[in-house]
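The values are calculated or read from the model by the stated rules, or taken from the named source; none is laboratory data. On a predicted model such as this, the values are computed, not experimentally measured, just so you know. As a convention, Cβ positions derive from the backbone with ideal geometry for all residues, glycine included, and neighbour counts pool all protein chains shown.
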Amino acid sequence: MDKLVITGGQRLSGEVRISGSKNAALPLLAATLLTADTVRLHNIPQLQDISTMVQLLGQLGADILVNETCSLDVTSGEAVQAFAPYELVRRMRASILVLGPLLARFGEARVSLPGGCAIGSRPVDQHILGLRALGAEVEVESGYVHARVQGRLRGARVLFDMATVGGTENLMMAAALAQGETVLENAAREPEIVDLALLLNGMGARVDGAGSDCIHITGVDRLHGCEHRVVSDRIEAGSYLVAAAMTRGDVVCRDTDPSLLEAVLRKLQEAGAEVSHGVDWVRLQMSARPRAVSFRTQPFPAFPTDMQAQFMAMNCIAEGTGSIIETIFENRYMHVQELNRLGASIVVDGHTAIVHGVDALQSAPVMATDLRASMSLVLAALVAQGETHIHRIYHIDRGYERVEEKLRQLGAQVLRAPA
Ligand code: EPU
């Protein structure tokens, strides 16, 4: 198990290329199961979660060809089996995304229930409720979701209890091959949903309204192959911008889409950063200590839960006191104790975290607990006095491509070492 060793105190400056989005690429890979034709995906990030999904597709019987870095051909021919075993699903919750496509194409699917998760219980009841509305019989037995339908799924109105990203994605994919029209209400509006709709429409689907809370899908008889470029990772971009703000740096993120980062950029400006952007780049310049910011996490287009931990790290060394309310996941504060070990002053009461900015953090051995939590520790270590060792760094490899290389390119002192 590797660790990251970071010597704090370097000002970050320069340019960094933002990778394709993990959270967009995962449902796109699942959507390739909807056709027997080849789907070519570009800008696929090289990450542990992507390897897990590719492995799952391979296990299901799909052929995967790696063309060049970041480009994959997936062909889910007739040999595909509709069974996703626990051994693979337990490694990544997003594996549940194969349920909708497998059921829609083959009329039956058995997918292991994803296990517990560090950041919250994360049930999949909304996925199941939606598939039942489309006419599927769904049973949960012996840890597996077993879904069946006589003939094809039938379009229906689905009203989600809450905006769920994965639930919306699973239903969009299932409805694409259903008979008739499906309306998804209270749908999630995340950019990753829009990217999935673009791919599905490229494959011949008829999806309308993605990006709003009401998505119309007119089912078609079959889908075909196509080529698609994965949208850039807004959370990776946001994370490097916070790094620039914390180190009083000057960083340009390339190959990114600033329009997907509005809530994040606004908070960075509130913290005192100067932000400029073009169509596919964002630059952040910071000349003073950040000011503490307050926010609550909410579904897109509001402030994303996936940036909560990083902004908490910034508040740790900011001037003033910031209050943070996490509304999406019930247990997404595990980085608090680790940040406090670095000298931060954070108090949690239920869903609220109050962060009193301190003048400086000091190095300590710390442990990553989940993906975004590990990034918050990296950010804190970049400004801490001394050498911080961050253990269990495999969490960060699930979602940040070549993180130490990218940080080094910006001037950080980061090493990966065996723990
Ligand atoms: N929920 C339910 N029932 C369901 C589905 C969701 O109660 O059937 C609850 C969840 O427990 C959670 C809330 O609804 O409290 C939102 O969950 P959602 O389904 O939107 O999340 P997800 O699809 O499981 C994706 C991202 C997460 C990101 C969330 C919220 C992927 C692969 N994951 O998860 O990303 O935090 O949306 O934006 O797209 C990450 O990248 O670090 C990460 C955790």
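Yes/no matrix, rows are residues, columns are (1) of a type in the set (Asp, Glu); (2) more than 16 Å from Ala313 (Cβ to Cβ); (3) within 16 Å of the ligand (Cβ to nearest atom); (4) touching a Cys at 6+ places or on another chain (Cβ under 9 Å):
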position: Asp349; (1), (2), (3), (4): yes, yes, no, no
position: Ala353; (1), (2), (3), (4): no, no, no, no
position: Asp359; (1), (2), (3), (4): yes, no, no, no
position: Ser363; (1), (2), (3), (4): no, no, no, no
position: Val366; (1), (2), (3), (4): no, no, no, no
position: Arg372; (1), (2), (3), (4): no, no, yes, no
position: Thr388; (1), (2), (3), (4): no, no, no, no
position: Arg392; (1), (2), (3), (4): no, yes, yes, no
position: Arg398; (1), (2), (3), (4): no, yes, yes, no
- Message: For Arg90, only one of the following conditions fails: (1) within 13 Å of the ligand (Cβ to nearest atom); (2) more than 23 Å from His224 (Cα to Cα). What is its number?
- Response: (1)
- Query: Failed condition for Leu184, given (1) within 16 Å of the ligand (Cβ to nearest atom); (2) surrounded by fewer than 24 Cβ atoms within 10 Å (Cβ to Cβ); (3) at negative phi, with all others met?
  - Reply: (2)
- What are the residues in region 68-97 that are aliphatic (A, V, I, L, M) and surrounded by fewer than 15 Cβ atoms within 10 Å (Cβ to Cβ), if any? Ala79
- Filter result for Phe106 (out of contact with any Phe, Trp or Tyr (no Cβ under 7 Å at 6 or more places or on another chain), of a type in the set (Phe, Trp, Tyr), within 16 Å of the ligand (Cβ to nearest atom) and at pLDDT 95 or above): no
- Task: Can you tell me which residue within region 136-158, out of those that are farther than 18 Å from Ala82 by Cα and surrounded by 14 or more Cβ atoms within 10 Å (Cβ to Cβ), is nearest to the ligand (Cβ to nearest atom)?
- Result: Val158
- Query: Applying the selection to region 116-135, what residues are more than 14 Å from the ligand (Cβ to nearest atom) and out of contact with any helix residue (DSSP H, G or I) (no Cβ under 9 Å at 6 or more places or on another chain)?
  - Reply: Gly135
- Query: Restricting the first residue to region 33-51 and requiring it to be under 17 Å from Leu198 (Cβ atoms) and of a type outside the set (A, V, I, L, M, F, W, C), which pairs with a second residue that is part of a strand (DSSP E or B) and within 16 Å of the ligand (Cβ to nearest atom) meet a Cβ separation below 8 Å and a spacing of at least six or different chains?
  - Reply: His42/Gly20; Asn43/Gly20; Asn43/Ser232
- Query: Any residue at all in region 114-130 that is of a type in the set (Lys, Arg) and under 26 Å from Glu326 (Cα atoms)?
  - Reply: yes
- Filter region 301-360 for residues that are under 30 Å from Gly211 (Cα atoms) and among the basic types (Lys, Arg) and give the result. Arg332
- Item | Matching option when the condition is among the basic types (Lys, Arg), part of a strand (DSSP E or B) and more than 21 Å from Leu371 (Cβ to Cβ), among Arg283, Arg289 | Arg283
- Message: Just to check your reading of the model, which residue among Gly107, Gly120, Gly100 is under 18 Å from Ala176 (Cα atoms) and surrounded by fewer than 21 Cβ atoms within 10 Å (Cβ to Cβ)?
- Response: Gly107
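Residues checked against (1) basic (Lys, Arg); (2) within 13 Å of the ligand (Cβ to nearest atom); (3) outside any strand (DSSP E or B); (4) over 30 Å from Arg283 (Cα atoms):
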site: Glu192; (1), (2), (3), (4): no, yes, yes, no
site: Leu196; (1), (2), (3), (4): no, yes, yes, no
site: Asn201; (1), (2), (3), (4): no, no, yes, yes
site: Val207; (1), (2), (3), (4): no, no, no, yes
site: Glu236; (1), (2), (3), (4): no, yes, yes, no
site: Ala245; (1), (2), (3), (4): no, no, yes, no
- Taking region 133-169 and the residues there that are under 24 Å from Gly211 (Cα atoms) and basic (Lys, Arg), the one that is nearest to the chain's Cα centre (by Cα) would be Arg157
- What single numbered condition from (1) touching a residue at least 24 places away in the same chain (Cβ under 8 Å); (2) surrounded by 15 or more Cβ atoms within 10 Å (Cβ to Cβ); (3) under 25 Å from Glu401 (Cβ atoms) fails to hold for Ile64? (1)
- Note on the structure: The correct count of residues that are surrounded by fewer than 17 Cβ atoms within 10 Å (Cβ to Cβ) and either away from the ligand (no atom under 15 Å from the Cβ) or at positive phi (or both) in region 295-339 is 5
